[in-house]
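Only one structure is covered here, and it is reproduced in the block below.
The values are calculated or read from the model by the stated rules, or taken from the named source; none is laboratory data. Note that the coordinates shown come from a computational prediction; the quantities given were computed from them, not determined experimentally. Neighbour counts are summed over all protein chains in view; Cβ atoms, including those assigned to glycine, are modelled from backbone coordinates with ideal geometry.
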Amino acid sequence: METYEAVLEALGDRTRRQIVHRLRAGPASVGELAAALPVSRPAVSQHLTVLRRSGLVSYEELGTRNVYRLDPAGLSELRAWLDCFWEAALDRYAQRVREDSADSGTQPRHE
Amino acid sequence: MPGNLTSVEPVRKSVAVPAAPQRAFELFTAHIKEWWPLGTHSVGIEHAVGLAFGGGVGATIIETLTDGTTSVWGTITQWEPPHRVAFTWHPGTPEAEATRVAVTFTQDGPGSTVVHLVHSGWERRPDGASARESYDSGWEPVITRFAETAARVH
């Protein structure tokens, strides 16, 4: 799976978006996240695994606790995807204009 | 670190095309069906059969699917041929969550135009009684809209 797809899939779930929202306020442990959300601790752990794989969230071990925090890498992936989206569309557009200009006898111009 | 995530800058793209602004503008708008990668960049993907770009403020950009249903991608907010067109952008998502696209056509020589595209509005809050209204950070709606747009138009 492409990274951006993992990010999209991760954010497709409301609970995971809530976790991301909570982590925006600062790093938190599984227990702290579970206390703030209407889901069980094991469920939070599962969601965190998905978020971690997508690159949206990273964690570090602090003593006996795992502390989770947001990782900008995930959003960067989405951003890169959107750049590609418009690039692909504009490439097709430029190609169409070139064909049109060739048809009408206009000398195509190199970019 | 969250500071980096709150700022979603506009996407900016440009391309030079071998046509005068008038023709470049026509091809971008009225002839969008002839170049838009509908098979990959649409709501219906393999079921997408048509795409029409209305002419004038208030007109829409609308996709047609094989079953005859339609999907409005956006509404034109500025119509200044052959220099500029701007529209809201919400393929597959509610209009209240629209982002914004502006396209300008600048002549840079005889029969040559540079097309600039700016896709912005990621920071805009959804308005109305949205389910997401309880999120007051402004960031969560942004990334959700980002994800929804990306998930449905790919």
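Would you pick out the residues in the stretch A:20-52 that are aliphatic (A, V, I, L, M), surrounded by fewer than 13 Cβ atoms within 10 Å (Cβ to Cβ) and over 21 Å from residue A:73 (Cα atoms)? Break it down into steps so the answer makes sense when it comes.
First, the residues of the stretch A:20-52 that are aliphatic (A, V, I, L, M): A:20, A:23, A:25, A:28, A:30, A:33-37, A:39, A:43-44, A:48, A:50-51.
If we keep only those that are surrounded by fewer than 13 Cβ atoms within 10 Å (Cβ to Cβ) too, we end up with A:25, A:35.
A:35 - this is the single residue of the stretch A:20-52 that is aliphatic (A, V, I, L, M), surrounded by fewer than 13 Cβ atoms within 10 Å (Cβ to Cβ) and over 21 Å from residue A:73 (Cα atoms).
Looking at A:62, A:37, A:56, A:78, can you tell me which residue is at pLDDT below 95 and closer than 30 Å to residue B:24 by Cα? Steps first, answer last, please.
Details: A:62 fails: closer than 30 Å to residue B:24 by Cα; A:37 fails: closer than 30 Å to residue B:24 by Cα; A:56 fails: closer than 30 Å to residue B:24 by Cα.
Among A:62, A:37, A:56, A:78, only A:78 is at pLDDT below 95 and closer than 30 Å to residue B:24 by Cα.
Kindly list, by first and then second residue, each pair from a residue in the stretch B:29-49 that is aliphatic (A, V, I, L, M) to a residue that is surrounded by 19 or more Cβ atoms within 10 Å (Cβ to Cβ) and part of a helix (DSSP H, G or I), limited to pairs with Cβ atoms under 9 Å and residues at least 6 apart or on different chains.
These pairs meet every condition: B:32/A:93.
Taking the stretch B:30-55 as the region of interest, how many residues are outside any loop (DSSP other than H, G, I, E, B), at the interface with another protein chain (Cβ under 10 Å from one of its Cβ atoms) and more than 15 Å from the chain's Cα centre (by Cα)?
Total satisfying the criteria: 1.
Kindly check whether there is at least one residue in the stretch B:15-23 that is over 15 Å from the mean Cα position of the chain (by Cα), basic (Lys, Arg), outside any loop (DSSP other than H, G, I, E, B) and surrounded by 15 or more Cβ atoms within 10 Å (Cβ to Cβ). Can you show your working first?
Of the residues in the stretch B:15-23, the ones over 15 Å from the mean Cα position of the chain (by Cα) are B:15-23.
With basic (Lys, Arg) added as a condition, the list becomes B:23.
Still in the list and also outside any loop (DSSP other than H, G, I, E, B): B:23.
From the residues that got through so far, the ones that are surrounded by 15 or more Cβ atoms within 10 Å (Cβ to Cβ) too are B:23.
Yes - at least one qualifying residue is present in the stretch B:15-23.
What helices (runs of 4 or more DSSP H) lie completely within the stretch A:1-72 and have 1 or more residues being small (Gly, Ala, Ser)? Quick ask: steps written out before the conclusion?
Numbers: elements: A:3-11, A:14-24, A:30-36, A:41-54.
The helices (runs of 4 or more DSSP H) meeting that bar are A:3-11, A:30-36, A:41-54.
So, residue B:58, is that one more than 14 Å from every other protein chain (Cβ to nearest Cβ) and either closer than 30 Å to residue A:20 by Cβ or not in a strand (DSSP E or B) (or both) or not?
On the way: more than 14 Å from every other protein chain (Cβ to nearest Cβ): yes; either closer than 30 Å to residue A:20 by Cβ or not in a strand (DSSP E or B) (or both): yes.
So residue B:58 fits the description; yes.
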